[in-house]
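Here's the structure we're looking at; comments come further down.
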Amino acid sequence: MSIYVSNLAYEVEEENLMQIFSEHGDIKKIQVYINQKTGANKGFAVV
């Protein structure tokens, strides 16, 4: 199962999400989406 997480602060990184979601079970993959032109976090992820 994958969970779409939106409205994230632009400073959030995969490690931050790993800490939060690992409290609720095993995490297989985290994908934080990045703007290819600017390299900035787009504010959403899939866990």
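Only the coordinates and a few stated rules stand behind these numbers; no lab work does. These numbers were taken from a predicted model, which means no experiment stands behind them. Positions of Cβ are generated from backbone atoms using ideal geometry, with glycine treated the same way; all protein chains shown enter the neighbour counts.
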With the dipole of the chain defined by +1 on each Lys or Arg Cβ and -1 on each Asp or Glu Cβ, the option from VAL46, ASN16, ASN35 whose Cα lies farthest towards the positive pole is ASN35
For ILE3, ILE20, order by how many other beta-carbon atoms lie within 10 Å, fewest first:
ILE3, ILE20
P(r) over all Cα-Cα pairs of the stretch 4-46, 5 Å bins from 0 to the longest distance, whole percent per bin, short to long, reads 5, 23, 35, 21, 11, 4, 1
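What value, in deg cm²/dmol to 500, does the helix sum -39500 (n - 2.57) over DSSP H runs of n ≥ 4 give at 222 nm once divided by the residues of the chain? Let's see the in-between values first.
Details: 1 runs with 8 residues, N = 47.
Computed ellipticity for the chain at 222 nm equals -4500 deg cm²/dmol.
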